[in-house]
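The values are calculated or read from the model by the stated rules, or taken from the named source; none is laboratory data. Keep in mind that what you see is a predicted model, and the values were worked out from it rather than measured. Backbone-built Cβ (ideal geometry, glycine too); neighbour counts: all protein chains shown.
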Amino acid sequence: MTINRRPEIADPEGTTVRRALEELGFEQVTSVRMDRVIHMEVAGEDRDEIQAQVTKMCEQLLANPVLEDFEIEVGG
Amino acid sequence: MTINRRPEIADPEGTTVRRALEELGFEQVTSVRMDRVIHMEVAGEDRDEIQAQVTKMCEQLLANPVLEDFEIEVGG
Amino acid sequence: MRTAVVVFPGTNCEHDVVHALESLGGEADLVWHRESNLTDFDGAVLPGGFAHGDYLRTGAIARFSPVMTEISRMAAEGAPVLGICNGFQILCEAGLLAGAFIANRDLSFICSYVELEVTDAATVLTRGLEVGSRLRIPLNSYEGSWVDPTRSGRIALRYVDDPNGSQDQAAAVANMEGNVAGIMPHPERAVDELLGSTDGNLVLESFLESLVAA
Amino acid sequence: MTIEREAVHRQLGMTDTEYQSVIDILGREPRDAELAMYSVMWSEHCSYKSSRAHLGRFPTEAPWVVVGPGENAGVVDIGDGWLAAIRIESHNHPSFVEPYQGAATGVGGILRDVFTMGARPIGLWNQIRFGPLDQPRNRYLFKGVVAGIAGYGNAVGVPTVGGEVEFDPTYDANPLVNVMCLGILHRDQLVLGTAGEPGSLAILLGRATGRDGIGGASVLASASFEDESQDKRPSVQVGDPFEEKKLIEACLELYERGLVVGVQDLGAAGLSCAVSEPAGRAGVGMDVDLNAVHTREAEMTPPELLMSESQERMMAFVAPDKVEEVIAVADRWEIDSAVVGKVKQGSTLTVQHNGTTVAEIPAASLADDAPVYDRPAIRPSWLDDVRRRPEPEVDDPSRALLDLLGDPGIGSSAWVHTQYDHMLFLNTVIGPGSDASLLRVKGTNKGLAVSTDGNGRLCYLDPRIGGERLVYEAALNVAVTGARPLAVVDNLNFGSPESPEVMWQFRETIEGISRACESLGVPVVGGNVSFYNATDEVDIHPTPVVGLLGLADPMPESPPRLRRAEPGMEVWEVGPTASGSLAGSALQRVLGMDPGGIPAAPQPEMATRVIELAVALAHDVPVLHDVSDGGLAVALAEICIASSLGARIDQDVDLFSEDPHRFIAVFETGAIPLPDDLARRVGMIAGDEIILGPDVTPIPVAEAADVWHNAIPRALGL
Ligand SMILES: Nc1ncnc2c1ncn2[C@@H]1O[C@H](COP(=O)(O)OP(=O)(O)O)[C@@H](O)[C@H]1O
Ligand SMILES: [Mg+2]
């Protein structure tokens, strides 16, 4: 899943990276957000069930609702 | 783009998160890898050109070639 | 009056906190994070460190430790609960204090003295201090920038000069009742002139007095 | 013997003669796993084969030495039932490959060396050297190394209380990253790396074993296993300070409760070393079952399991009736544990995997029968030319001082050390930014002072004098905090030992360090050798680093500090008068000159007198500061900046020479009588300008402070 920092929360890492890119001459970059991806292997057959479980994990632990939204993608 | 730690490189953070999930009762999770995603807005029309530029950025700054691989996806 | 000083795996300031509280005449005992009964204690401190390595997010995993159920109970019953640095981050993750933490504005760890100003004297940390008075206490953190989109935290101490981008320059925050508080700098590191400052005593004495008052 | 077989041992870094010794020891050809074990244990890094013959020169004995070189850390008695354990280690190459993880795992390793001895680590120091910061690659390495030391040290919960940072082109493609750790323990808690009696069990504690740091083993695998396994090998090891923190606490609990007979950390040669050395020391044999090792990856081969350098692992040797308790302690601290071996009579180390014997060798042979080389040493032919090179001349002392203060190697190290937690444990009386760090020992009146010093340019010009002077400098650094020198550890960072010129530098350096230690009566209790440091195939300047532990007993109630100068106080220079030599000085480097000239020789008797005087003065004088890099001018400027006060020099003194055995004392007129033949009043604290002499342009202290504070940030473009 991807855990994205909410747009209204500051992202010092993103800001720093954008500046560093600018210094390297990549001036076309207008914004940078640094987020996290968590790749998990989950045992189970039922995709809906897995999706539901992972949603729970995100709500409970993996994402902080004050700072972050999340998106889940169940792969093959 | 997504920046993934190479599979052979240890990921203590992922291991710790897996254990925490297990304690919360999510025992079906067999592996966790913590990776990064960078969302950028880049000015420009030509998608190939953008792809090439972003590849350069990854190589030069964004990814650590010793530890990480990267994948780029140019969106709308 | 006994204080539980909670130790999570990765906590590292627990002995310093006990040392500081005892040097002020307090009674403090270390309590492992799997403990599920704190009824013998009158208050609790969550000390600094890197609980669970700060992995995932600082404080995120620690808040599920069994001891946190008891910390929540104590908080609800009005007992003094103080989080220092990483302990503050854990209290936020646990929802006992408003807000959350992100990396310092300059993306580097900061270990140095900072000057703080008292902005609210009705919290466990600041009772007996005067609003507007100043303290010199060491800061020691990487994820030290507090954000609170709901603006519901009660700011007890603020940085005189902004070191890390914390919202409203907040250095210490309390709940509405004032019995639960978090402080990002380390008062237990400022209890001895030989080491550079004794201003931390003021904050810790306030905590110890709150135990009696509660 | 097949052709491929020969190729394999060579690819593992073994010479034909070494391979033949293995055959002689075993009386047969080695199996894969055996070859793996000998190749790692007999590597330069583990066996010290090129250096061992010379390291014997060091004086290592003193009544207070409890454990000398040879164990994981040196241990000395500091009185009142307390011991101090100290060790230094280099992580140069890994830090070049990946600066963050390289430095981080260096910190992890040195901590294990110290808590293996039963000590709680109470302080870390780092000595880091890079090429000039105008190169982006050097900035990347510098920032990465500092972040790695901070990331690991802070999270593991041991304060980093001092160090050294230097920039010189000689380290351009070969940064030096040395880390040192100090621990303290109660006398009865000392633990050694012994396997104990037959019947004891070997319990592996900590992180799961993966294919870390076994680049070399790929040859074995490709010769005898599937080729594709090769790309499963990580090029970089990742440290886990969280695991290490738990491991420290678990081990300390084991020691406190007396549950172990011996402990050995898993370092460079991994399991191979952790089973063979303790068995060898105890004169016993051992059965090891590789299937019991908890692993991170599936299907690891015996050579991989034996060579893996996975971090954060310890081996505990435990009497059979204590095994359950030990495992319970590990469980409580939430670390993994596994019984992997059993000590037996005799001297044979037998390793099993999947029910077959993969190794059966004399345990002690891995350490004791390692080759020793007395490599040829020749004084470099270029040395005389280098020593004839010109020394700098100074027209404008104020300009020179500002150039020095703005140099990132001399200016404030705050950019570095504010990233390190240097206050944890409430012992840091004097932290980073002074001559030596001073840590109090709670519950006693004692203080432990530590200084670390290196100077590649000086040692390049004269390795013997360089080595000697490092010891004297470090000793004076601790003396100005009120501490007497107690023990030395050294880290010898050199070029290729296969070069006779490097071996000469190496031998001379050891001679120099040894002489100074003998003269001061200070033993060398441990150290580390790092060879093969070169930039563009040119060997680096010989760069020994000396770490010196001093004991202040009692610790001054109010130790001298740079910030304690007051207007009207007198400034005294104490020690011999400088010769004026600028050979190998910071000024020579800052002016862009190659190191050249003949450095001043130390004066052993003078050194002792000056050190004793400094120790005595530290109880009464508000400011004492050793004169080193940048000479008297820089030392005085540092006092002015710290005190936010000006100073005026009104005598004809040597401003920039770095000649040894000198310090500055600042105090009220008449407050302290000093011996005439050793001390000269040179000026006073006054105003808000630094005035280096009668006709010299004054420098506002604020300007000096700005230049000094921002030396590193400016060089980094921040
Ligand atoms: N890498 C570092 N880490 C922590 N502290 C450092 C580092 N480099 C320098 N310092 C601090 O800066 C001070 C000055 O260093 P240095 O110039 O090497 O001292 P000296 O010349 O007296 O030996 C020392 O107290 C040291 O602790
Ligand atoms: Mg010095």
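The table below lists the values:
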{"read-out": "Matching residues in the stretch D:158-190 - criterion: being more than 21 Å from D:Ile430 (Cβ to Cβ) and not in a strand (DSSP E or B)", "value": "D:Asp168, D:Pro169, D:Thr170, D:Tyr171, D:Asp172, D:Ala173, D:Asn174, D:Pro175, D:Arg187, D:Asp188, D:Gln189, D:Leu190"}
{"read-out": "Criterion violated by C:Thr39 - all others in (1) in contact (Cβ under 8 Å) with a residue 40 or more places away in the chain; (2) surrounded by fewer than 23 Cβ atoms within 10 Å (Cβ to Cβ) satisfied", "value": "(1)"}
{"read-out": "Yes/no for A:Glu71 being more than 18 Å from the chain's Cα centre (by Cα) and more than 7 Å from every other protein chain (Cβ to nearest Cβ)", "value": "no"}
{"read-out": "Qualifying residue in the stretch B:11-30 (condition: within 7 Å of another protein chain (Cβ to nearest Cβ), part of a strand (DSSP E or B) and modelled with pLDDT of 90 or more)", "value": "yes"}
{"read-out": "Qualifying strands (runs of 3 or more DSSP E) (wholly inside the stretch C:109-214; at least 2 residues being farther than 26 Å from C:Glu77 by Cα and touching a residue at least 40 places away in the same chain (Cβ under 8 Å))", "value": "C:110-118, C:134-141, C:145-147, C:154-159"}
{"read-out": "Top-ranked residue in the stretch D:430-474 [being basic (Lys, Arg) and part of a loop (DSSP other than H, G, I, E, B); ranked as surrounded by the fewest Cβ atoms within 10 Å (Cβ to Cβ)]", "value": "D:Lys442"}
{"read-out": "Output for the stretch D:312-337, where each listed residue is of a type in the set (A, V, I, L, M) and surrounded by fewer than 18 Cβ atoms within 10 Å (Cβ to Cβ)", "value": "D:Ala319, D:Val323, D:Ile327, D:Ala328"}
{"read-out": "Number of positions in the stretch C:50-72 that are facing another protein chain (nearest Cβ under 7 Å) and not β-branched (Val, Ile, Thr)", "value": "9"}
{"read-out": "Positions within the stretch C:1-29 being surrounded by fewer than 16 Cβ atoms within 10 Å (Cβ to Cβ) and either without any contact (Cβ under 8 Å) to a residue 12 or more places away in the chain or under 16 Å from the mean Cα position of the chain (by Cα) (or both), in sequence order", "value": "C:Glu22"}
{"read-out": "Some residue of the stretch D:486-495 being assigned to a loop (DSSP other than H, G, I, E, B), modelled with pLDDT of 95 or more and either within 15 Å of ligand 1 (Cβ to nearest atom) or under 20 Å from the mean Cα position of the chain (by Cα) (or both)", "value": "yes"}
{"read-out": "Tally of residues being touching a Cys at 6+ places or on another chain (Cβ under 9 Å) and either over 27 Å from B:Gly25 (Cα atoms) or in a strand (DSSP E or B) (or both) across the stretch C:47-97", "value": "6"}
{"read-out": "Subset of the stretch D:34-59 [part of a loop (DSSP other than H, G, I, E, B), more than 18 Å from the chain's Cα centre (by Cα) and of a type in the set (S, T, N, Q)]", "value": "D:Ser43, D:Ser50"}
{"read-out": "Selection from the stretch D:431-458 of residues that are more than 8 Å from ligand 1 (Cβ to nearest atom) and either β-branched (Val, Ile, Thr) or within 29 Å of D:Gly592 (Cβ to Cβ) (or both)", "value": "D:Val441, D:Thr444, D:Val450, D:Gly454, D:Asn455, D:Gly456, D:Arg457, D:Leu458"}
{"read-out": "Residues that are farther than 11 Å from D:Gln419 by Cα and away from ligand 1 (no atom under 13 Å from the Cβ), drawn from the stretch D:142-167", "value": "D:Gly144, D:Tyr152, D:Ala155, D:Val156, D:Gly157, D:Val158"}
{"read-out": "Top-ranked residue in the stretch A:50-67 [being exposed (fewer than 13 other Cβ atoms within 10 Å of the Cβ) and away from chain C (no Cβ under 11 Å); ranked as nearest to A:Thr16 (Cα to Cα)]", "value": "A:Glu59"}
{"read-out": "Filter pass, D:Ala103 being within 15 Å of ligand 1 (Cβ to nearest atom) and surrounded by fewer than 24 Cβ atoms within 10 Å (Cβ to Cβ)", "value": "no"}
{"read-out": "Flag if D:Glu393 is over 27 Å from the mean Cα position of the chain (by Cα), more than 16 Å from ligand 1 (Cβ to nearest atom), at pLDDT below 95 and not aromatic (Phe, Trp, Tyr)", "value": "yes"}
{"read-out": "The lone exception for D:Val524 - which of (1) in contact with a Leu (Cβ under 7 Å, 6 or more places away or on another chain); (2) away from ligand 1 (no atom under 15 Å from the Cβ) it fails", "value": "(1)"}
{"read-out": "Matching residues, the stretch D:374-390, being assigned to a loop (DSSP other than H, G, I, E, B), of a type outside the set (Phe, Trp, Tyr) and under 31 Å from the mean Cα position of the chain (by Cα)", "value": "D:Asp374, D:Arg375, D:Pro376, D:Ala377, D:Ile378, D:Arg379, D:Pro380, D:Ser381"}
{"read-out": "Every pair of residues 6+ apart whose Cβ atoms lie under 6 Å, when the first sits in the stretch D:403-415 and is within 14 Å of another protein chain (Cβ to nearest Cβ) while the second is within 9 Å of ligand 1 (Cβ to nearest atom)", "value": "D:Ser413/D:Val165"}
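For every residue, the table says whether it meets (1) away from ligand 2 (no atom under 16 Å from the Cβ); (2) surrounded by fewer than 16 Cβ atoms within 10 Å (Cβ to Cβ).
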{"position": "D:Ser579", "(1), (2)": "yes, yes"}
{"position": "D:Asp594", "(1), (2)": "yes, yes"}
{"position": "D:Pro602", "(1), (2)": "no, no"}
{"position": "D:Ala635", "(1), (2)": "no, no"}
{"position": "D:Leu674", "(1), (2)": "yes, no"}
